[in-house]
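The structure under discussion appears below in the form of C-alpha cells.
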Amino acid sequence: MDSLFRDHILDHYRHPRCHGTIERPDARVEDANPLCGDRLRMDFRFAEGRVAEVRFSGSGCSISQASASLLCEAIEGKPLEDVKALTRQDVLDLLGLDELGPVRSKCAMLALKTVKAAAYGMATWTDDEEEAE
Amino acid sequence: MLRLRLSPTGASGDTGAPVGASVGAAPRGAGASNGTPGFDPRRVKADFPIFATPRPRPLIYLDSAATSQKPQAVLDAMSRYYTTCNANIHRGVYGIAEEATALYEDARRRFAAFVNASPREIVFTRNSTEALNLVARAWGGWALRAGDAILLTPMEHHSNLVPWQMLAAEKQLELRFIPLTGSGELDLDALPKLLADGRVKVVSFVHVSNVLGTVNPVAEIARVARQHGATVVVDASQSAAHMKLDVRALGADFVACTSHKMLGPTGIGVLWGRRELLEAMPPFLGGGEMIRTVSLTESTWNELPWKFEAGTMCIAEAVGLGAAVTYLESLGMEHVFAHDRALAATCMARLAEVPGVRLLGPPADRRGGVVAFTVDGVHPHDVATVLDRNGVCVRAGHHCAMPLHDQLGVPASVRASFHCYSLPEDVDALVTGLHQVTKLFAR
C-alpha cells in the first residue's frame, strides 16, 4: 500500500545488518537528527585504506535505521576514497527511492553524514547537497 | 482550578471597524454538537478556506498546537490593509499612514480587551519565543543577581527553557524544576520546599502543555510564588488560543502569547506585562520607535508599550491578529475550550481501542485539546508518514520538549491537536490510519 515503506526498507529496519558496536574502534562517530530525535552511533575499524568493519547502533524511524543498515552493508570492505565520494543519490539508490521530502530526507541522510564524518576523520560532517536544496 | 473568566458569547465590539470586521455578530449556529450547545464546528470550519481548497483527498488537520488554520476574516483583513492603506506607522502624517497607525493600535486594543488588560501593557513581539526572551533578557538581566534561582518545570517548550539556561550561564543563576507526577501534572506539594530558601526570584511555566495537554493551575502557583517574593511568568502559547484568558485573574506578572496558534498570522506575538514592571525594566531591543530622544552618546526611552517595539513592526500581522481575536470572541472562548476538550476525550477513548497505542498525559477532564501518544514498536515519524498518506496531519517528534520526553522515557511521540474547526470525523480518520500503521508494521 505504501511506496515509502517498501519490503526491503522494513526488512532492514526489523533485521538491521552491521548492527552493534566495536570495542576499541579506530573511529566512533555519533550524530542526531534534532527534528525527530533519530540517533546514530557508528564504530569503524580501518585497514589498508579500507573500511574493514563497521557497526551501527541507535534509535529512530524506519528510514533512518534502514539507511544506516543499507549503507553500512554497502561500505564494509570498500576503500575510504569510495566512502568519501558517496552522494545523496547513492543513499536514495540503496533505499530504492526516487525522491524524499525535505523532512524525511534528513532521516535518510543521517547515516551518510555519520559515515562521511568517519571517512574524513571529522566529528561531524555537513551535507552541502542537503543544505543546498 | 484555574480561574477562567467565562463571559457570554460574542461580546466583541469593533464590528464596525474598516478592517477585520467581516465577522458576523451572530454566534456560530444553534446546532448542538459534541456536547457544546450553541457552537457548530461544521459552520465554523466553513470559515476556513484551506479546507475548501481542492486536493486529492480531504485535509484532516490535527496539528493546531503547532499552528492553527486561518479564517477568511483574518486573510481579508490583512489583504485589505495591504491593498488600501499600507504605510509605515507612527511616522507619516499623511492619510494612509494615519489609517495604518490607527489599525495597528486598534489591534492592540482588541487584544488587550480579549485578555482583560490595558493596551499600555500589550507589547507586540515576533512570537511567544521572543516575548519570553524579552522577559529573560530585559527583565531577568536587570532584576536577577548571581546566586538567585529560576524555577521552571520539565514540561516547558524549549522557548521557556533555553532563554533561562542562557541567562543562568551568564549570570550564575540556579535552575530549579517543579517535579512531575506520574500523570504528567505538576507536583505542587513540592512547591513550598523549592521556594523555602527565598532564592527563587522568578517562576516561569507553561499554562497548557503543548505535549501532554495538562492545564496547569496558574492562579494557585502564582499565589504561592508571589508569597515567596518571586515574579511569575506564564507561557500562554497553547491556552490563549483555546480558552478565555484573564491576565489579571491569573495573578502573573508576565504572560506570553503567539498569534499563529490563535487563528492569526505568523510573525506576531504578544507579551503582557504588569505596567510597573514594564516601566521599571530597561528596553529589550534598541532602534527606531522605542526612543523618546537620541543624542550621539545616549538616548531616553519611549513610553509604554512602544519602549519595547523597536523598528518597523509587523503591521499587517497585527491587523490579522486583531481580526483573529474578534473572530474568536464571536465563537465564544468557553465554547472553543469545551469543544476542544470534548474532542480530546473522544480521541482518547477511541485511541485506547487501537492495539499498541499508549496515551501520554492526564485524563481528558484535566487537559486541553492535545493528545500525545506512542505506538508500540513504531517510531512516531513512521506513524506520521503513514497517516499523511491518508491526508491526516499530525506532529511527530519531541515537539520542542526534549527534556519532557526524556522524563517520559520515550524518544518522541505522535501528537493530535484540535481547534474550533476540528470534527469527530477527523478522529475517525486518525483511528483508521492508526489501524493501517499497526497492520503495516506488524507484518
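May I ask you to list pairs of residues, at least six apart or on different chains, whose Cβ atoms are under 6 Å apart, with the first in the stretch A:100-115 being over 17 Å from residue A:57 (Cβ atoms) and within 13 Å of another protein chain (Cβ to nearest Cβ) and the second being outside any helix (DSSP H, G or I) and open to solvent by 40 Å² or more (accessible area, probe 1.4 Å)?
Cβ pairs passing all conditions: A:106/A:35.
So which residues in the stretch A:1-34 are at the interface with chain B (Cβ under 9 Å from one of its Cβ atoms) and aliphatic (A, V, I, L, M), if there are any at all?
Passing the criteria: A:1, A:4, A:10.
Can you tell me which of B:426, B:406 is open to solvent by 40 Å² or more (accessible area, probe 1.4 Å) and either out of contact with any Gly (no Cβ under 7 Å at 6 or more places or on another chain) or of a type outside the set (Val, Ile, Thr) (or both)?
Values: B:426 fails: open to solvent by 40 Å² or more (accessible area, probe 1.4 Å).
Step by step, each of B:426, B:406 is checked, and only B:406 is open to solvent by 40 Å² or more (accessible area, probe 1.4 Å) and either out of contact with any Gly (no Cβ under 7 Å at 6 or more places or on another chain) or of a type outside the set (Val, Ile, Thr) (or both).
May I ask you to list the residues in the stretch B:401-443 that are of a type outside the set (Ser, Thr, Tyr), within 10 Å of chain A (Cβ to nearest Cβ) and either farther than 22 Å from residue A:61 by Cβ or outside any helix (DSSP H, G or I) (or both)?
B:410, B:411, B:412, B:443
Considering only the stretch B:150-162, how many residues are surrounded by fewer than 21 Cβ atoms within 10 Å (Cβ to Cβ) and either polar (S, T, N, Q) or not in a loop (DSSP other than H, G, I, E, B) (or both)?
So the answer is 2.
Within the stretch B:60-92, which residues are under 17 Å from residue B:268 (Cβ atoms) and in a loop (DSSP other than H, G, I, E, B)?
Those that are under 17 Å from residue B:268 (Cβ atoms) and in a loop (DSSP other than H, G, I, E, B): B:66, B:67, B:68, B:69, B:70, B:71, B:86, B:88, B:89, B:90.
Going through the stretch A:52-64 one residue at a time, which ones are modelled with pLDDT of 95 or more and in contact with a helix residue (DSSP H, G or I) (Cβ under 6 Å, 6 or more places away or on another chain)?
Once the filter is applied, which keeps residues that are modelled with pLDDT of 95 or more and in contact with a helix residue (DSSP H, G or I) (Cβ under 6 Å, 6 or more places away or on another chain), the stretch A:52-64 yields A:54, A:56.
Would you say residue A:21 is open to solvent by 70 Å² or more (accessible area, probe 1.4 Å) and among the hydroxyl-bearing types (Ser, Thr, Tyr)?
Taking the combined requirement at face value, the residue satisfies it.
Between a residue in the stretch B:250-274 that is in a strand (DSSP E or B) and any residue that is open to solvent by 10 Å² or more (accessible area, probe 1.4 Å) and acidic (Asp, Glu), which pairs come within a Cβ distance under 7 Å, given they are 6 or more apart or on different chains?
B:269/B:130; B:272/B:121; B:273/B:121
If you take the residues in the stretch B:381-400 that are closer than 18 Å to residue A:39 by Cα and within 7 Å of chain A (Cβ to nearest Cβ), which one is surrounded by the fewest Cβ atoms within 10 Å (Cβ to Cβ)?
B:398
Select from the stretch B:276-318 the residues that are surrounded by 14 or more Cβ atoms within 10 Å (Cβ to Cβ) and touching an Asp or Glu at 6+ places or on another chain (Cβ under 8 Å) and list them in ascending order.
B:277, B:278, B:289, B:290, B:302, B:304, B:305, B:306, B:309, B:310, B:313, listed by residue number.
Regarding the stretch B:368-378, can at least one residue be identified that is touching a His at 6+ places or on another chain (Cβ under 7 Å), open to solvent by 10 Å² or more (accessible area, probe 1.4 Å) and not in a loop (DSSP other than H, G, I, E, B)?
No, the stretch B:368-378 has no match at all.
Could you run through the stretch A:35-59 and say how many residues are open to solvent by 10 Å² or more (accessible area, probe 1.4 Å) and at the interface with chain B (Cβ under 8 Å from one of its Cβ atoms)? Give the derivation first.
The initial filter retains those residues of the stretch A:35-59 that are open to solvent by 10 Å² or more (accessible area, probe 1.4 Å), namely A:35, A:37, A:39, A:41, A:45-50, A:52-53, A:55, A:57-59.
Okay, now just the ones that are also at the interface with chain B (Cβ under 8 Å from one of its Cβ atoms), so A:35, A:37, A:39, A:59.
The total comes to 4.
Would you tally the residues in the stretch B:123-138 being among the aliphatic types (A, V, I, L, M) and either open to solvent by 10 Å² or more (accessible area, probe 1.4 Å) or out of contact with any strand residue (DSSP E or B) (no Cβ under 7 Å at 6 or more places or on another chain) (or both)? Lay out the reasoning, then the answer.
Kept after step one, since they are among the aliphatic types (A, V, I, L, M), are these residues of the stretch B:123-138: B:123, B:131-132, B:134-136, B:138.
Retained after the next criterion (residues that are either open to solvent by 10 Å² or more (accessible area, probe 1.4 Å) or out of contact with any strand residue (DSSP E or B) (no Cβ under 7 Å at 6 or more places or on another chain) (or both)): B:136, B:138.
Residues that pass the stated criteria total 2.
Go through the stretch A:94-109 and report how many residues are open to solvent by 60 Å² or more (accessible area, probe 1.4 Å) and more than 13 Å from the chain's Cα centre (by Cα).
Residues flagged as open to solvent by 60 Å² or more (accessible area, probe 1.4 Å) and more than 13 Å from the chain's Cα centre (by Cα) within the stretch A:94-109 amount to 4.
Out of the residues in the stretch B:101-122 that are in contact with a strand residue (DSSP E or B) (Cβ under 7 Å, 6 or more places away or on another chain) and part of a helix (DSSP H, G or I), which is surrounded by the fewest Cβ atoms within 10 Å (Cβ to Cβ)?
B:112
The values are calculated or read from the model by the stated rules, or taken from the named source; none is laboratory data. Everything quoted here is computed from the prediction, not taken from an experiment. In this analysis, Cβ positions are derived from the backbone assuming ideal geometry, glycine residues included, and neighbour counts consider all displayed protein chains. Keep in mind that these areas ignore ligands, DNA and RNA; they rest on the heavy atoms of the full protein, side chains included. Shrake-Rupley method; radii C 1.70, N 1.55, O 1.52, S 1.80 Å.
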